[in-house]
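Each remark here refers to the structure printed beneath this line.
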Ligand code: KIV
Ligand code: ZN
């Protein structure tokens with residue numbers, strides 16, 4: 001079994017979600033929960049971006065003891081100095097420095113030639129290595145980068161001292177097979193890649209961030225970057241809880257796991273949702289309110305007989321209290337009878353039948369039947385002569 005490092009960027013890329021702005025105390029609260037969750041690396045912010053970000057990264061670096069803390073920097077001395085200023089007193093300071101490598105970004109955004117990009121990246125990594133024991137370098141927009149250029153610049157930054165190389169799908173453009181091929185290609189073609197950790201960082205513009213991250217793992221990625229609840233720029237980042245649970249449930253296929261304490265997932269998701277104000281959609285995989293809710297009669301009947309019929313993840317695995325059998329118009333007699341006895345009603349078969357019909361009539365008019373509705377139906381039937 002391989003162990004994949006989990007790099008959480010909820011407080012950096014996640015905070016780049018439109019409309020989200022956490023204060024320092026809120027960030028510390030999230031960081032402490034991420035530490036309890038067991039993430040290996042917390043990207044606490046972008047210290048050169050603002051005084052608020054600098055302070056938050058510094059405070060998190062001083063507070064968190066069991067995860068390594070990192071900060072983001074562009075390939076500039078000023079940014080690297082800011083991360084060092086914030087993290088120099090932490091137990092395991094790390095730098096995350098990035099520079100774009102795709103023709104689109106080099107031409108239009110950086111206005112630099114490929115040679116200038118290589119030189120700038122190398123100088124930044126060399127400069128950073130004077131301070132940081134671990135330097136991660138990211139090839140921004142790696143998935144739209146010419147592969148031979150990617151191999152060339154990776155070789156140079158590794159020679160300069162980078163020990164983790166991240167290949168982000170910055171715009172959520174790649175597909176799983178192609179992303180896997182990039183990891184395989186660089187592993188086979190960068191001559192000094194031995195001992196270097198490869199990292200995947202996926203955005204969700206085409207809804208493929210989780211699938212792409214898993215494809216990277218299949219093809220040798222050592223580290224996965226993402227956020228809790230998949231929050232982040234535009235359509236967000238890869239949702240770490242989905243990847244960690246997929247690895248656990250499909251251990252047979254991936255042969256890889258993480259150090260996450262999966263039963264802290266639900267709590268972490270709820271905290272991030274509360275503090276960011278970003279509601280988790282009810283049908284969101286793993287952490288959505290409906291992820292363990294069953295409505296149809298056929299499914300409820302199956303669940304009451306044997307849970308594995310319709311549940312591949314147990315709610316307990318992620319620290320959720322229990323499965324919910326939601327009574328609605330698709331529910332059947334078996335679930336209704338079960339719920340009635342849970343509520344303390346023992347009716348004759350005839351009365352139960354009548355109550356079931358009353359419930360079905362109401363369910364046609366209401367989206368979800370709550371316990372109060374059932375109490376009133378069942379009490380009426382119990383007291384009827
Ligand atoms: O998506 C991206 O390319 C990034 C980099 C800064 C790593 O977030
Ligand atoms: Zn990103």
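We did not get these values from a lab; they are worked out from the coordinates using the rules stated. All of these numbers come straight from a predicted model, not from anything done at the bench. For neighbour counting, all protein chains shown are included, and Cβ atoms are generated from backbone atoms with ideal geometry for every residue, glycine included.
From the C-alpha coordinates alone, can you work out the Kirkwood hydrodynamic radius of the range 289-345, in Å? Averaging 1/r across every pair of different Cα atoms and inverting gives 11.6 Å.
Full extension of the segment from residue 108 to residue 187, taken as 0.36 nm per residue of separation minus the current Cα-Cα distance, would add 25.5 nm. Of the beta bridges DSSP finds with both residues in the range 109-204, what % are antiparallel, to the nearest 5? Within the range 109-204, antiparallel bridges account for around 0 percent of the total. Overall size of the range 73-148 from C-alpha positions, given as principal axis extents largest first: 38, 20, 16 Å. For the chain, averaging the sequence separation of C-alpha pairs within contact (under 8 Å, six or more residues apart) and dividing by the residue count gives a relative contact order of 14 percent.
Residue separation of residue 316 and residue 365 scaled by 0.36 nm, minus their Cα-Cα distance, works out to 14.3 nm of gained length.
For residue 350 and residue 23, the difference between the fully extended length at 0.36 nm per residue and the C-alpha to C-alpha distance is 111.7 nm. Taking every alpha-carbon pair in the range 144-273 and binning the separations at 10 Å intervals from zero gives 13, 41, 33, 11, 1 percent. Give me the compactness ratio for the chain, meaning the Cα radius of gyration over 2.2 N^0.38 Å. That works out to 1.19 for the chain.
When only Cα pairs below 8 angstrom with a gap of at least 6 residues are kept, the range 223-361 shows a relative contact order of 18 percent. Nearest 500 deg cm²/dmol is fine: what mean residue ellipticity at 222 nm does the chain get from its DSSP H runs of n ≥ 4 alone, each adding -39,500 (n - 2.57), divided by its residue count? About -13500 deg cm²/dmol. Size of the range 1-119: Rg and Dmax of its alpha carbons, in Å, are 15.4, 44.
Here the range 201-349 yields Rg over Rh of 1.05, to two decimals, using C-alpha coordinates and the Kirkwood radius. Here the calculated FRET efficiency for residue 1 and residue 36, from their Cβ-Cβ distance with R0 = 30 Å, stands at 0.85, rounded to the nearest 0.05. With the simple model of a label 7 Å out from the Cα in the direction of the Cβ, residue 194 to residue 88 spans 3.7 nm.
Taking Cα atoms only, the orientation of helix 24-37 departs from the longest principal axis of the chain by about 80 degrees.
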